[in-house]
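The values are calculated or read from the model by the stated rules, or taken from the named source; none is laboratory data. Fair warning: this is a prediction, and the values are worked out from it, not measured in the lab. When we count neighbours, we look across all protein chains shown, and the Cβ atoms used for this are built from the backbone with ideal geometry, even at glycine. Side chains included, ligands, DNA and RNA excluded: accessible areas come from the protein's heavy atoms. Shrake-Rupley method; radii C 1.70, N 1.55, O 1.52, S 1.80 Å.
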Amino acid sequence: MRWLVLILLTLLTISCNESKSNHEKGANGKELISNAKGLSIKDFDTFKLVTVTNTFPEATENYTYVLHKKGNKLPDSLSKYTSIEIPIQKVIVTSTTHIPSLEMLGVENSLKAFPNTNYVSSEKTRILIENGNVREIGNNQSLNTEIILDIQPDVIVGFSVDGDMKTYKNLERNGQKIILNSDWTEKTPLGKAEWIKFFGALYDKNEQADSIFNKIKTDYLEAVKLAKNTSYSPTIMAGSIYEDQWFLPQGDSWAAYFLIEANGDYLWKDSKGTGSLALSFESVLDKAKDADFWIGPGQFTSIEQILTSNPNYKYFKAVQNKNVYSFSSKKGKTGGVIYYELAPNRPDLVVKDLIKILHPNVLPEYQLYFFEKLN
């Protein structure tokens, strides 16, 4: 009889532990995000909670959305949030940085409209635009409500650079569902790339999105590790003159982060901030006259263009040695710079480009993808 009591007690203990485990999972959800700071996706089995923060640099408000499959009953406590039935079938996105995620997940055919379609560079999506499958809806400050209501998308993926939500609130009053995306405020390359999971959740393709991100992350970290093993860090200058001031990336910016990850000695790496520094030509010349490389010289696409713009650029060693590299020369069919659209999703290619430029022996077989040496 005693053994029977022990078995019952053991089963009761296991049952209680399982209940506790399920309760804890139900209460907290499984977090699916590891690198992005402005995105949280919590999996509660029957639904997912997506929380977006840092929608713009000074933002204080968070936005939470409930993603669920058709027929799944949601707790009453979630009724205050926008709910979206997944997988979505029709979408409108508003930034070119959203396009690569759709394509990498194989759902680009679900894109039904985009503001300023000429900005899209991807060949695959350009064909959809040219065939009339993706409609033009104006610009982000004044989206064409009439066309959007005609399309009736499952969701509109929006973003805000300054907190102005008037356009989106107007669409919500007309019955449209808006979900904000703040991938552009992420400060690290892997943080930006992880936003593919945001789209993976909308299309119920979480495992596929996870697999794509993990491959990019692994390739990125392996390349960075190789670069860190090199003994020499070339000095780097960046940016160019606009309206009498030289604008270049601050030390905490995304662009500076890449240069440092590639084991480069970016001359303004110690400056604070994530935006741009505005300096005089003399100040930059004093510090960077002997810099080994000039990476990202604005919109210039040739050395001749640089010298025609300002003959004093000739005093930089990087110009004299033609060690100037730009991503601005690689453009899509309608003039959009491919780097701006694709680089946030492919930090592995960006860092490999920079490693190839700064340490050519580290990746001997690799061919530059975004950058090009100017002649």
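DSSP finds beta bridges in the chain, and of those with both partners inside it, around 55 percent are antiparallel. Spin-label model, SER283 to LYS228: label points 7 Å out along the Cα-to-beta-carbon direction sit 3.2 nm apart. Shown is the FRET efficiency for GLU31 and GLU304, computed with R0 = 45 Å from the Cβ-Cβ distance and rounded to the nearest 0.05: 0.30. Rg/Rh for region 91-160 stands at 0.91; both radii use Cα atoms, and Rh follows the Kirkwood definition. Under a 5 Å amide H cut-off, with hydrogens placed 1.01 Å from N, LEU277 pairs with LEU248, GLN250 among residues at least 5 apart or on other chains. Relative to the current alpha-carbon distance between VAL161 and ASP270, full extension at 0.36 nm per residue lengthens the span by 36.6 nm.
Note on ILE127 and ASN72: their simple-model spin labels are 3.3 nm apart, each label 7 Å out from Cα toward Cβ.
Other residues lying with their Cβ under 12 Å from the Cβ of ASP270 contribute a combined charge of +1, Lys and Arg counting +1, Asp and Glu -1. When shorter helices are ignored and each DSSP H run of at least 4 residues is given -39500 (n - 2.57), the per-residue value for the chain at 222 nm works out to -10500 deg cm²/dmol.
Comparing TYR325, TYR242, TYR339 in a Gaussian network model of the chain where C-alpha atoms under 10 Å apart are linked, the largest mean-square fluctuation is found at TYR242.
In the full protein context, region 93-235 carries 44 Å² of accessible surface per residue, based on a 1.4 Å probe and ignoring ligands, DNA and RNA.
On the basis of the beta-carbon distance and an R0 of 25 Å, ASP150 and SER79 show a calculated FRET efficiency of 0.30.
Among the protein heavy atoms of the chain, carbon and sulfur supply 49% of the accessible surface, probe 1.4 Å, non-protein parts ignored. Placing pseudo-labels 7 Å out from each Cα toward the beta carbon at GLN245 and LYS333 gives an inter-label distance of 3.9 nm.
Here the peptides 358-370, 45-57 are ranked by packing, the mean other Cβ count within 10 Å, and the order with the highest first is 45-57, 358-370.
Where Rh denotes the Kirkwood radius from the mean inverse Cα pair distance, what is Rg over Rh for the chain?
Answer for the chain: 1.06.
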